[in-house]
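Participant: This is the structure I have questions about; it appears just below.
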Amino acid sequence: MNREELKAYLTETFPTATIGDTFDFPLIVVAKENLLEVVGKLKNAPETKMDFLFCETAVDRIEQFEIVYHLTSTTYRHDMVLKVMLDKPELPELPKIDSVYSLLEAAEFYENEIFDLFGVTFDGHPNLRRMILGDEWPGYPLRKGYEYPDIEQTLK
Amino acid sequence: MEPIINFAADVEKTDEFVVNIGPQHPSTHGVLRFQTTLDGEIIKDIVPIIGYIHRGIEKMTEFLSYKQSIYLTSRMDYLSSFMNNQACALVVEKACGIEVPARAQAIRILMCELQRLASHELWWGSCTMDVGAVTPFFMAFRDRETIMDVFEANTGNRLTTNYILPGGVMMDILPDFIPQVKEILRNLKNFLPEYEALVNGNFIFQKRMKGVGILTKEQAISLGVTGPVARASGISCDVRKLHPYDGYEKLDFKEVVADGCDSWTRYLVRLEEMKQSIHIIEQLIDNIPEGDFRTKTKAVLKAPEGEYYQRVETARGELGVYFVSDGTAKPYRMKFRSPNFSNLAVAKPLNVGAKIGDLIASMATIDLVIPDIDR
């Protein structure tokens, strides 16, 4: 499917979701509760076959987190972006979202990275750990307004 | 009297044993640690532990202008620095609507393909050394050195080249670039059959590679693997073919796809890719267009608000730059989807159930560069 066809298909199949555009790809914004259902449908439907998660990341939008999934199909070679908006509670409480690991195994490392650098927890993740910085690191560096720790203190 | 240890009861049982390989192990090619759980010689579980060389490049870009960010990208995958620069430059060009002159595009492709050759040479040397052959390492470095000399003369650096920037390239190629590259190609064409004659027919090498480190097509798709590793599992994923950039669509070359799924196939795919790179350079080297090597851009670039994604094919797979702009001169968020970070996920399917002796050999054909994993 080309970009317009894919957008039409998404509008028809997911009436509750918001369909839009990024510069390169069609965009679908889904509610947090529907995430697994939508990704499962996109992966398994014979029209889309979105079986390849090539990038998963988060963007800190001050009041909310955007979790961004870049999906492509190895059969048809069409790409799309899926987004979930996530409310941002006060620290130390962390926002929570379902892990897509059960559908796309590539999510394991991406979600570990997001957990480490943004402080978003993933339900159903097989091995959620602070992959890069380690358990003792204070705070979540890729959040906006992150306060840098005193390096002398951190290294002690 | 009761015996203190009852040997007879335990004789058939073995305990699980945890071995840390790295972070300073010479065969992990950098600071990467594999935490392996062993039962005898069999690997029961393997967890890659990373972060020893994390520099926070994604956070740093939020405080730098787009042009300054280019310098950080050279420090991710130091064996594909041209392609990293190119990805960052392309996404800024796309966002700001900057045209690139034809001469700059040709120079970019020439440099990137030379870099791919240099990177695969280094991989070939280190891969064969990991399975115990030392001579190929010296041969690979002898031939790679001639390419590095060209880089050093033309860009001023050997690894962190910082050469490709929004609007073109940093400076024009030197007058003797073309004869030098031709000389390199002439030599490489003689050396490649020599490489194959030296290593490919070796019985021990084949035993270590064939049927070892199986990565099926389904696993590779699910794990998001790209580059030569995915192409050796039968997935067509060459960005140069699927989403051409900088004029790759005008060139004639083949995407190397094979479906052997084992270490041996990954080895052959990379050797074949080197021949394709030589073929690409040959088409361009006599046809570099005249003209500017860079368009004049504003001193301070400001991308319109929005989200942009650009991917390029590095020597190890697909590098994606996800760039979120809020209309200011600094990126709101820049995510580097680095090929090695995704390819590291194959450590589990490749090694669980295999013998620890095969760990280094099968990871050698994944060709990991650690600074690119940590960023």
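Every number here is computed from the coordinates shown, using simple stated rules; none is lab data. This one's a predicted model, so the numbers in the text were calculated from it and none came from an experiment. All Cβ positions, even for glycine, are placed from backbone atoms using ideal geometry, and neighbour counts span all protein chains on display.
Participant: Tell me, what ³J(HN,Hα) does each residue in the stretch B:212-223 have, in order and in whole Hz, if you take phi through Karplus 6.51 cos²θ - 1.76 cosθ + 1.60 with θ = phi - 60° and put x for Gly and Pro?
Facilitator: 10, x, 6, 10, 6, 4, 4, 4, 5, 5, 5, 7
Participant: Sorted by average packing, counted as other Cβ atoms within 10 angstrom per residue and highest first, what order do A:4-14, B:259-269, B:111-121 take? Before the final figure, lay out each step's value.
Facilitator: Details: A:4-14: 15.5, B:259-269: 21.0, B:111-121: 26.0.
My ranking of the peptides, most packed first, is B:111-121, B:259-269, A:4-14.
Participant: I need the calculated FRET efficiency for the pair A:Lys41 and A:Arg129, taking r as the beta carbon distance and R₀ as 30 Å, to the nearest 0.05. Don't skip to the answer; put the middle values down first.
Facilitator: On the way: r = 30 Å, r/R0 = 1.00.
After rounding, the FRET efficiency stands at 0.50.
Participant: Here's something else I'd like to know. Hey, with R₀ at 56 Å, roughly what FRET efficiency would B:Ala299 and B:Glu218 work out to, going by the Cβ-Cβ distance, to 0.05?
Facilitator: Approximately 0.65, to the nearest 0.05.
Participant: What are the residues whose amide H is under 5 Å from the amide H of B:Glu318, where those residues sit 5 or more places off or on another chain and H is modelled from the backbone?
Facilitator: So B:Glu318 has HN proximity to B:Thr226, B:Gly227.
Participant: Let me ask something else. Which whole-number percent is the relative contact order of the stretch B:53-374 (Cα, under 8 Å, 6+ apart)? Don't skip to the end; give the middle numbers.
Facilitator: On the way: 574 pairs, mean separation 90.2, N = 322.
Value for the stretch B:53-374: 28 percent.
Participant: Work from the charge dipole of chain B (Cβ charges, +1 for Lys and Arg, -1 for Asp and Glu, about the Cα centre) and give the residue of B:Thr36, B:Met83, B:Phe293 farthest towards its positive end.
Facilitator: B:Phe293
Participant: When all alpha-carbon pairs of the stretch B:20-143 are counted, what percent fall beyond 22 Å? Walk me through the intermediate numbers first.
Facilitator: Numbers: 4279 of 7626 pairs.
The proportion of pairs with Cα distances above 22 Å equals 56 percent.
Participant: In Å, what is the Rg of the alpha-carbon atoms in chain B, and how long is Dmax?
Facilitator: 22.4, 96
Participant: For a label point 7 angstrom out from the Cα of A:Glu5 toward its Cβ, which stretches of the stretch B:306-343 have the backbone nitrogen within less than 12 Å?
Facilitator: Taking a point 7 Å out along Cα→Cβ of A:Glu5, no residue of the stretch B:306-343 has its backbone N under 12 Å.
Participant: I would also like to ask the following. Under unit Cβ charges (Lys, Arg +1; Asp, Glu -1), what dipole magnitude, rounded to 20 debye, does the protein assembly as shown have relative to its Cα centre?
Facilitator: The calculation lands at about 1020 debye.
Participant: Still on this structure: Quick one: angle between helix B:102-130 and the longest Cα principal axis of chain B, in degrees between 0 and 90, rounded to 10, please.
Facilitator: Long axis of B:102-130 versus the principal axis of chain B: about 20 degrees.
Participant: Ok, one more. Using only the Cα atoms of the stretch B:145-265, build the gyration tensor, take square roots of its eigenvalues as a ≥ b ≥ c, and label the shape rounded, prolate or oblate: rounded if a/c is under 1.5, else prolate if a/b is larger than b/c, else oblate. Each step should come with its number before you reach the end.
Facilitator: Values: a/c = 2.41, a/b = 1.43, b/c = 1.68.
Cα axes put the stretch B:145-265 in the oblate bin.
Participant: Within the stretch B:155-172, what residues put their amide N at less than 11 Å from the label point 7 Å along the Cα-to-Cβ vector of B:Asp149?
Facilitator: none
Participant: Additional query: What distance in nm separates the two pseudo spin-label positions at B:Arg158 and B:Gln35, each 7 Å out from Cα along the beta-carbon direction?
Facilitator: 3.6 nm
Participant: Under a point-charge model restricted to the Cβ atoms of Lys and Arg (+1) and Asp and Glu (-1), what is the dipole moment magnitude of the stretch B:108-160 relative to its Cα centre, in debye to the nearest 20?
Facilitator: Values: 5 positive and 7 negative charges, 22 e Å.
In debye, rounded to 20, the stretch B:108-160 gives about 100.
Participant: Pop out the Kirkwood hydrodynamic radius of the stretch A:3-138 from its pairwise C-alpha distances, inverse of mean 1/r, in Å to one decimal.
Facilitator: Working: mean 1/r = 0.0649 Å⁻¹.
15.4 Å is the Kirkwood radius here.
Participant: Under 5 Å between amide H atoms, partner at least 5 residues away or on a different chain: which partners does B:Gly247 have, H built in plane at 1.01 Å?
Facilitator: Answer set, sorted by chain and number: none.
Participant: Please identify every one of the chymotrypsin sites (Phe, Trp or Tyr not before Pro) in the stretch B:33-137 that sits in a loop by DSSP and has no more than 14 other beta carbons within 10 Å of its own beta carbon. Provide the component values of the computation, followed by the final result.
Facilitator: On the way: sites: B:Phe34, B:Tyr52, B:Phe63, B:Tyr66, B:Tyr71, B:Tyr78, B:Phe82, B:Trp123, B:Trp124, B:Phe137; in loops: B:Tyr52, B:Phe63, B:Tyr78.
For chymotrypsin sites (Phe, Trp or Tyr not before Pro) across the stretch B:33-137 that sit outside H, G, I, E and B with at most 14 neighbouring Cβ atoms in 10 Å, the list reads B:Phe63.
Participant: Between A:Ser102 and A:Gln64, what is the FRET efficiency for a Förster distance of 30 Å, r being their Cβ-Cβ separation, to the nearest 0.05? Each step should come with its number before you reach the end.
Facilitator: On the way: r = 25 Å, r/R0 = 0.83.
Efficiency, from the Cβ-Cβ distance: 0.75.
Participant: Using Cα atoms only, what is the angle between the long axis of helix B:81-96 and the major principal axis of chain B, expressed in degrees (0 to 90) to the nearest 10?
Facilitator: Taking the Cα atoms of chain B, the angle to B:81-96 is about 50 degrees.
Participant: B:Met60 label point, 7 Å along Cα→Cβ, cut-off 19 Å on backbone N: hits in the stretch B:160-177?
Facilitator: Once the point is set 7 Å along Cα→Cβ of B:Met60, B:160-166 turn out to lie under 19 Å by backbone N, inside the stretch B:160-177.
Participant: Send over the semi-axes of the protein assembly as shown's equivalent ellipsoid, whole angstrom and largest first, taken as the square roots of 5 times the C-alpha gyration tensor eigenvalues. Write out the running numbers ahead of the final one.
Facilitator: On the way: eigenvalues 242, 222, 103 Å².
Calculated on Cα positions only, the semi-axes equal 35, 33, 23 Å.
Participant: Further question on the same structure: Just how far, in whole angstrom, is the stretch B:103-161 from the stretch B:318-366 if you go by their alpha carbon centroids?
Facilitator: So the separation of the two Cα centres works out to 21 Å.
Participant: Moving to a separate point now. Which angle between 0 and 90 degrees, to the nearest 10, do you get for helix B:135-155 versus the longest principal axis of chain B when only C-alpha atoms count?
Facilitator: For B:135-155 against chain B, the angle is about 20 degrees.
Participant: Take the stretch B:240-337, drop everything but the C-alpha atoms, weight them equally and run the Debye formula without solvent; then report log10 I(q)/I(0) at 0.13, 0.22, 0.23, 0.24 Å⁻¹ to two decimals.
Facilitator: -0.72, -1.18, -1.22, -1.26
Participant: Okay, next question. Suppose every Lys and Arg Cβ carries +1 and every Asp and Glu Cβ carries -1, with no other charges. What dipole size does the stretch B:53-374 come out with about its Cα centre, to the nearest 20 debye? Display every interim value, and only then the final one.
Facilitator: Working: 38 positive and 40 negative charges, 125 e Å.
With Lys and Arg at +1 and Asp and Glu at -1, about 600 debye.
Participant: Could you work out the relative contact order of the stretch B:129-278? I mean the mean sequence separation of Cα pairs under 8 Å and 6+ apart, divided by the number of residues, in percent. Write out the running numbers ahead of the final one.
Facilitator: Numbers: 127 pairs, mean separation 27.6, N = 150.
Here the relative contact order equals 18 percent.
Participant: Calculate for the protein assembly as shown the 222 nm mean residue ellipticity that helices alone would give, adding -39,500 (n - 2.57) per DSSP H run of length 4 or more and normalising by residue count, nearest 500 deg cm²/dmol.
Facilitator: On the way: 20 runs with 206 residues, N = 531.
Helix-only estimate at 222 nm: -11500 deg cm²/dmol.
Participant: Please label the shape of the stretch B:51-209 as rounded, prolate or oblate, based on the square roots a ≥ b ≥ c of the eigenvalues of the alpha-carbon gyration tensor (a/c under 1.5 means rounded; beyond that, a/b larger than b/c means prolate, else oblate).
Facilitator: On the way: a/c = 2.73, a/b = 1.56, b/c = 1.74.
Oblate.
Participant: Enter the mean number of other protein chain beta carbons within 10 Å of the beta carbon of each residue in B:219-226, as an integer. Numbers along the way, then the final one.
Facilitator: Details: counts 1, 3, 9, 10, 8, 15, 2, 2.
Going residue by residue through B:219-226 and averaging, the value is 6.
Participant: A further question follows. Express in whole angstrom the spacing between the alpha-carbon centres of the stretch A:119-156 and the stretch B:250-295.
Facilitator: 41 Å
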